[in-house]
Amino acid sequence: MNRSPDLGVLLQPRPASPVVEVSDERFGRHGVRLLVKRDDLVHPELPGNKWRKLAPNLRAAVEGGFPGVVTFGGAYSNHLRATAVAGRLLGMPTVGIVRGDELADRPLNDSLARCAADGMRLCFVTRSEYRRKAEPRERARLLAAAGAGASYVVPEGGSNALALEGCAGLGRELRGVSDVVAVACGTGGTLAGLAAGLGPGQRALGVPVLAGEFLGAEIRSLQEAAFGGPAGAWSLAEGFHHGGYARVPARLEAFAADFEERHGFAVERIYVAKLLWALAALTESGAFPAGTSVTAVVTGRP
């Protein structure tokens with residue numbers, strides 16, 4: 001990975017991903033129209049919000065002359081995998097600082113093995129060190145220990161001001177398409193940007209996939225950094241994490257498999273399945289009045 005990065009490989013504008021209407025009686029019998037934004041098709045190797053978040057950050061890294069990119073994530077992080085792929089496509093070195101030093105002496109799981117295969121150098125740190133990564137002194141120490149002190153830093157999950165600008169493009173593509181645009185949330189960056197890009201009268205709805213009601217403050221903070229204050233209408237639908245991140249209990253697995261069979265596309269389990277489950281449950285409970293149109297954003301592939 002020693003060639004000069006080619007911005008056109010990854011960062012050129014791409015056509016808007018398609019929106020398709022889904023006929024599903026779980027929504028139709030309540031008078032709710034369901035559409036699906038197939039953002040998993042926006043890039044062949046970096047689907048959905050990963051491309052939207054990473055592209056502006058990688059442009060900044062390349063144009064700023066940084067020697068590489070460093071980021072953070074857990075053992076099953078989609079963001080780590082996406083960053084590794086992006087580095088391979090650009091011919092740019094990547095470093096992943098991974099939560100859990102106990103993993104250093106174990107065989108790599110499939111997710112981390114993919115990162116390594118795409119050229120990412122993995123550095124494992126203790127969980128206590130990882131929790132303090134936002135502290136300037138601790139972050140500098142972690143970066144130095146990983147040999148990435150001069151690299152461009154992308155935060156965990158890829159959510160920062162540049163990422164929000166990228167995700168605002170998703171909202172602009174959906175202006176006027178539906179009343180509500182719903183997305184699964186990890187760090188909140190996609191929702192924060194999406195809301196900013198939507199048009200008047202539209203609302204963004206986030207479905208957190210992690211336990212703990214912490215995202216509201218994080219989204220407000222991200223919008224402050226990116227836009228100088230609140231941007232767009234948004235809300236969170238809590239309580240659909242199914243036990244926490246990467247937990248896929250049998251009922252959720254069955255729901256996702258049934259949705260796949262009904263509608264003919266693969267459903268990613270950690271984020272998208274929880275989103276679709278939440279929308280079905282909210283529709284059943286009457287949260288969406290008859291006549292409401294809802295777009296579910298498919299942010300990734302299995």
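The values are calculated or read from the model by the stated rules, or taken from the named source; none is laboratory data. Everything quoted here is computed from the prediction, not taken from an experiment. For neighbour counting, all protein chains shown are included, and Cβ atoms are generated from backbone atoms with ideal geometry for every residue, glycine included. Keep in mind that these areas ignore ligands, DNA and RNA; they rest on the heavy atoms of the full protein, side chains included. Shrake-Rupley method; radii C 1.70, N 1.55, O 1.52, S 1.80 Å.
Across all directions, the shadow cast by the convex hull of segment 162-302 built on its C-alpha atoms averages 8.3 square nanometres. Return the FRET efficiency for the residue pair Arg137, Val177: r is the Cβ-Cβ distance, R0 is 41 Å, and the value is rounded to the nearest 0.05. About 0.35, to the nearest 0.05. Out of all DSSP beta bridges with both ends in the chain, state the antiparallel percent to the nearest 5. Beta bridges within the chain, antiparallel portion: roughly 10 percent. Average accessible surface for segment 132-237: 40 Å² per residue, computed with a 1.4 Å probe over protein heavy atoms with every protein chain in place. Close amide H partners of Val181, meaning residues 5 or more places away or on another chain with modelled amide H under 5 Å apart, are Arg203, Ala204, Leu205, Thr295. Between the listed residues Val20, Thr292, Phe124, the Cα displaced farthest toward the positive end of the dipole of the chain, a dipole computed from Cβ unit charges relative to the Cα centre, is found at Phe124.
On a per residue basis, the convex hull of the C-alpha atoms belonging to segment 115-184 measures out at 152 Å³. Each residue of segment 228-236 is assigned a 3J(HN,Hα), and the resulting list reads x, x, x, 9, x, 9, 8, 8, 10 Hz, derived from the Karplus form 6.51 cos²θ - 1.76 cosθ + 1.60 (θ = phi - 60°), x at Gly and Pro.
Our summary gives the chain a relative contact order of 21 percent, counting only alpha carbon pairs under 8 angstrom and 6 or more residues apart.
Each part gets one Cα centre, and for segment 260-291 versus segment 202-222 those centres are 18 Å apart.
Between Tyr76 and Ala290, the distance separating the two model label sites (each 7 Å from Cα on the Cα→Cβ line) works out to 4.1 nm. Computed over neighbours whose Cβ is under 14 Å from that of Ala134, the net charge equals +2, Lys and Arg +1, Asp and Glu -1. Note that segment 83-239 carries a Kirkwood radius of 17.2 Å, evaluated over its alpha carbons pair by pair. Taken over the C-alpha atoms, the chain has Rg and Dmax values of 19.0, 58 angstrom. Can you list, largest first and rounded to whole Å, the semi-axes you get for segment 20-110 by taking the square root of 5 times each eigenvalue of its Cα gyration tensor? They are 34, 20, 10 Å, listed largest first.
Relative protection proxy for 281-287, 267-273, from highest mean packing down: 267-273, 281-287 (other beta-carbon atoms within 10 angstrom). May I ask you to give the percent of accessible area on the chain that is carbon plus sulfur, with a probe radius of 1.4 Å? The nonpolar share, carbon plus sulfur, comes to 52 percent.
For Glu268, the residues whose modelled amide H falls within less than 5 Å of its own, excluding neighbours fewer than 5 places apart on the same chain, are Ala273. With helices as the sole contributors, the chain gives -12000 deg cm²/dmol at 222 nm; each DSSP H run of n ≥ 4 counts as -39500 (n - 2.57), and the sum is divided by every residue.
You can think of it this way: the chain between Leu210 and Glu63 has 49.5 nm of extra reach, that is 0.36 nm per residue less the Cα-Cα gap.
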